[in-house]
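A quick write-up on the structure given underneath.
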Amino acid sequence: MRAQEIRNAFSNYFIRNGHQKHKSSSLVPHNDPTLLFANAGMNQFKDFFTGKANPTNRRAVTIQKCVRAGGKHNDLENVGFTARHHTFFEMLGNFSFGDYFKQDAIRFAWELLTVDLKIPKDKLLVTVHESDEEALNIWHREIGLPRERIYKLGDKTNFWEMGDVGPCGPCTEIFFDHGPERATGIQPGQQEIDDEGRYIEIWNLVFMQYENYKDGDEIKRKLLPKPSVDTGAGLERVTAVIQGKYYNYDTDIFTPIMDAIGKLSEKNYYTTTIESEKGSFRVVADHIRSATMLITDGVIPSNDGRGYVLRRIIRRAVRHLSLLGLKDVSFYKLIPAVVASLGEEYPDNAANVALAEKLLKLEEEKFRKTLDTGLALINEELAKLPRGQKLAGEIAFKLYDTFGFPLDLTEVILREKHLELDSAGFEAAMARQKELSKKSSKFAVKEDNVKVFYGIKESHGETIFTGYEEVTGSAKLIAKEEVEGQFYLVFDKTPFYGEGGGQVGDRGEIHSPEGKLASVTDTQKPVEGLHVHVSPDADALAVGETYTLKINHEERELTKRNHSATHLLQSALMKVLGPHIKQAGSSVGPERLRFDFTHSEALGPLEIARVEALVNSAVATALPVSAAQMTKDEATKKGAMALFGEKYGDRVRVLSMGEFSCELCGGTHVENTGEIGLFKILVETSLASGVRRIEAITSTTAVDYLLHRSKILGDVEKLFAAKDERVLEKIASLQADVREKGKQLEILNDKLQAFESENLFTDQRPAKAGLTLTIAKAPNADPANIRKLGDIFVDKFPKGILFLYAIDADKVSFILKTHRGNTMIDCAAILKQVMPLVQGRGGGKADNAQGSGDAGKTSELLRAISEVLA
């Protein structure tokens, strides 16, 4: 019975018995801050159990997707090293909300397992809570289970509580006996059922018959008037039992994924004898399921919360892909195999795989940049580590700080090698780094400097900003700080705009009557209201003296145009896409503008064109731009939009552009929108889930960009001797010609291979089972060519066996292939037998297997193939 048949059998059984089938809830719990992920079937029914809500049907059945990889329930570290640990799993569950109780719950479970699923009764044992005589009697007297196969256990394993208060009760667990050959032994004081190697729990029936409640500071317990039932059976465990497997990973649930990993890695999970290799297969297979299902349920990789757990899962999988020899980005390529296994039961997840593919590819690309370096460093350090000594915290911190190597991944690698980390040393290195950060040359992150600037503000007050009205002005230098050759200057007033609201700080010069004295490379506001001018060459400036401050007028004008265009862009996006558009970040400088906004999908070409047209229409209309100071309440009534990341005082500056745009903004802007000149979107991309980014240019930058593109078009027109649309027609025609020529080349290549095969397959000798054996050397080592020649051979010689090999440098690659109808030959088994001669690796199926190894041992390999198949 296949896994999907088991799912159907479970659901159908309970539907026949009056249960309502509920869809699996999302892996992201709905309105439940106590849970990181859905980790049990009862999560979505919590309100029914507590009495906060009433179900339409008091009987329910579900197949719930679950993840246990963070918080209290964390199976991540065990995955790959045991037969049954998973981060993602499916929980089969039936529930009674004050309807049936122990008698029916036990009867349902027994009947489904032994009748519908045909599990032998003599292979099943159960546990009950030591106080639950009712459940014991049902199992013994009504079900007929022998008393010696019923075990009494205590609260630790057989009593369930939702929390400190709420429903709770005893449980009975059903176990499957894998036989004495799987026994791992028990500790003194344990019962036989405690042998986890031999006896595997497959179903847990929880009887919620009590309620814990608070009476002052004391927790008390009382009987529930309507007791309930919550059961959970792991699909992976049940499937392993029914399919006669000990490892969950050996069931058909994982077959498509294991095959996909094998295809990418050119290894075979089912034939490899290397246990660490099997472990890596299991890790990757489990983690691609959890990563795919989490992303398609809305979890995005990040550095905190659910996103961080997901990122850890992805990175652990990528590491094990590397251990399997996969050095290129490949994790996302396994998603179709997950859909093949889970898509039928969870169509909503299957519909979102494009997002999962995109995010997994991006995550792996980022992580692989540091993975190889980090692994090389940690392996080098471990090789030098004396026996019994911990890995130095300094090394772990270097991995973390320099290479972006997560600390928990370092800890996992150490645990796999039975080693420990000097955690105290790591924390000490982290503390030292934080101290060094305070001394960084970037003053914006220096606490000491911030304190200094607070002192300056307290002594002299805020900087008077004159930049709305002037680009040049006289000002007195009231403070001068020097750190590592960089000067930080504070004047009593300034036309220089300090970075804020997405607009970059002004650059310019500082003059005396004699001429230029210093350059200003940036202007910041480390303390609200205080403009700090950053200069590399302000040695000659003296506190108390008055100087002339001149901003870079050209850069300011370009920045103003880009900033005003950003306001027009937000309004245009709202008009085209809807009122859900909110600013999520921006960056405005002289070269271009960047605008991040909330939207769930990419803009189409027509939408981008409409946005551009609206902005350029507002530019052409030369709308007046006005600024007014008012209270926050007045601004809200006026409909002014607040900008992302900005803090506003009691009075705010409201910037209006005709009736087209109204926003709170302290930045510098044009006087009318006509000054913008031209607006052009360069690119629209995804920044994160639900967040898009537009980059655009304006003014002379946009004109120069379009002139450049026009010149390129002119060159293309000359090259193709065609004008305007006819160029596109010519290109399309050429592309069609190229495709046609490609097809012709493919046909010629097939003919060439067929011709080569005439001479290649002439050596045919008698072999096993009345077949013939051909051993041939391929003309080149191209894998596609070798596969094609193998297909040609099978078509021409249905009673033949082909061993085809090719040598490339010190590597020999080979295939062993025969017709599917030749069932007396097992190609995979034969290669497994002979590959050790060339220190080779490979695998495949009975009719088609492949491998590679040391080319220096090729002659021994050929002799062995001849002998085995003779």
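The values are calculated or read from the model by the stated rules, or taken from the named source; none is laboratory data. Keep in mind it's a predicted model, so treat the numbers as computed, not measured. Reconstructed Cβ throughout: ideal geometry from the backbone, glycine too, with neighbour counts over all protein chains shown. Note: accessible area is taken over every heavy atom of the protein model, side chains too, but ligands, DNA and RNA are not part of it. Shrake-Rupley method; radii C 1.70, N 1.55, O 1.52, S 1.80 Å.
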Complete set of residues in region 139-182 that are β-branched (Val, Ile, Thr) and farther than 26 Å from Gly98 by Cα: Ile150
In region 686-698, the residues that are modelled with pLDDT of 95 or more and either among the polar types (S, T, N, Q) or over 37 Å from the mean Cα position of the chain (by Cα) (or both): Thr698
Hits in region 220-244 (condition: buried (at least 16 other Cβ atoms within 10 Å of the Cβ) and not in a strand (DSSP E or B)): Leu235, Glu236, Arg237, Val238, Thr239, Ala240, Val241, Ile242, Gln243
Criterion violated by Glu363 - all others in (1) more than 18 Å from Thr296 (Cα to Cα); (2) in contact (Cβ under 8 Å) with a residue 24 or more places away in the chain satisfied: (1)
Qualifying positions in region 623-661 - modelled with pLDDT of 90 or more, surrounded by 13 or more Cβ atoms within 10 Å (Cβ to Cβ) and of a type in the set (S, T, N, Q): Ser626, Ser656, Ser661
Search result, residues across region 385-401 that are in contact with a helix residue (DSSP H, G or I) (Cβ under 9 Å, 6 or more places away or on another chain), under 13 Å from Glu420 (Cβ atoms) and open to solvent by 40 Å² or more (accessible area, probe 1.4 Å): Lys390, Ala392
The lone exception for Val619 - which of (1) in contact with a Lys or Arg (Cβ under 8 Å, 6 or more places away or on another chain); (2) open to solvent by less than 10 Å² (accessible area, probe 1.4 Å); (3) not charged (D, E, K, R) it fails: (1)
Matching residues, region 524-548, being open to solvent by less than 60 Å² (accessible area, probe 1.4 Å), out of contact with any Asp or Glu (no Cβ under 8 Å at 6 or more places or on another chain), in contact (Cβ under 8 Å) with a residue 60 or more places away in the chain and part of a strand (DSSP E or B): Pro526, Val527, His531, Val532, Tyr547, Thr548
Residue list for region 47-93, restricted to those being in contact with a His (Cβ under 6 Å, 6 or more places away or on another chain) and either surrounded by 18 or more Cβ atoms within 10 Å (Cβ to Cβ) or modelled with pLDDT of 80 or more (or both): Arg59, Ala60, Val61, Thr62, Asp75, Val79
Residue count for region 573-588, restricted to those that are outside any helix (DSSP H, G or I), open to solvent by less than 10 Å² (accessible area, probe 1.4 Å) and under 21 Å from Leu678 (Cβ atoms): 1
Residue list for region 120-154, filter: in contact with a Ser or Thr (Cβ under 9 Å, 6 or more places away or on another chain) and among the acidic types (Asp, Glu): Asp132
Residue ID - nearest to Ile830 (Cα to Cα), chosen from residues in region 250-297 that are open to solvent by less than 50 Å² (accessible area, probe 1.4 Å) and small (Gly, Ala, Ser): Gly262
Residue identified as part of a helix (DSSP H, G or I) and under 28 Å from Ala640 (Cβ atoms) among Leu569, Leu603: Leu569
Entirely in region 460-523, the strands (runs of 3 or more DSSP E) that have 1 or more residues that are more than 14 Å from Ala540 (Cβ to Cβ) and more than 43 Å from the chain's Cα centre (by Cα): 472-483, 486-491, 508-512
Region 662-675 residues that are open to solvent by 10 Å² or more (accessible area, probe 1.4 Å), paired with ones that are modelled with pLDDT of 95 or more and part of a loop (DSSP other than H, G, I, E, B) (beta carbon under 6 Å, 6 or more apart): Asn672/Ala622; Gly674/Ala622
Complete set of residues in region 550-572 that are more than 30 Å from Pro513 (Cβ to Cβ) and either out of contact with any Phe, Trp or Tyr (no Cβ under 6 Å at 6 or more places or on another chain) or surrounded by fewer than 18 Cβ atoms within 10 Å (Cβ to Cβ) (or both): Arg561, Asn562, His563, Ser564, His567, Leu568, Gln570, Ala572
Unmet criterion (only one of (1) at pLDDT below 95; (2) open to solvent by 40 Å² or more (accessible area, probe 1.4 Å); (3) touching an Asp or Glu at 6+ places or on another chain (Cβ under 7 Å)) for Leu682: (1)
Residues of region 812-869 classified as assigned to a helix (DSSP H, G or I), open to solvent by 50 Å² or more (accessible area, probe 1.4 Å) and among the hydroxyl-bearing types (Ser, Thr, Tyr), total: 1
Filtered residue count, region 471-510, keeping only those that are polar (S, T, N, Q) and either more than 29 Å from Thr566 (Cβ to Cβ) or in contact with a Lys or Arg (Cβ under 7 Å, 6 or more places away or on another chain) (or both): 3
Qualifying residue in region 795-811 (condition: open to solvent by 80 Å² or more (accessible area, probe 1.4 Å), in a helix (DSSP H, G or I) and acidic (Asp, Glu)): yes
Top-ranked residue in region 245-273 [being aliphatic (A, V, I, L, M), in contact (Cβ under 8 Å) with a residue 60 or more places away in the chain and not in a loop (DSSP other than H, G, I, E, B); ranked as farthest from Glu90 (Cα to Cα)]: Leu264
Some residue of region 170-187 being modelled with pLDDT under 85 and over 38 Å from the mean Cα position of the chain (by Cα): no
Unmet requirement for Asp737, which otherwise passes all of (1) in a loop (DSSP other than H, G, I, E, B); (2) under 43 Å from the mean Cα position of the chain (by Cα): (1)
Residue match in region 274-290 (condition: closer than 19 Å to Pro836 by Cβ, among the charged types (D, E, K, R) and in a loop (DSSP other than H, G, I, E, B)): no
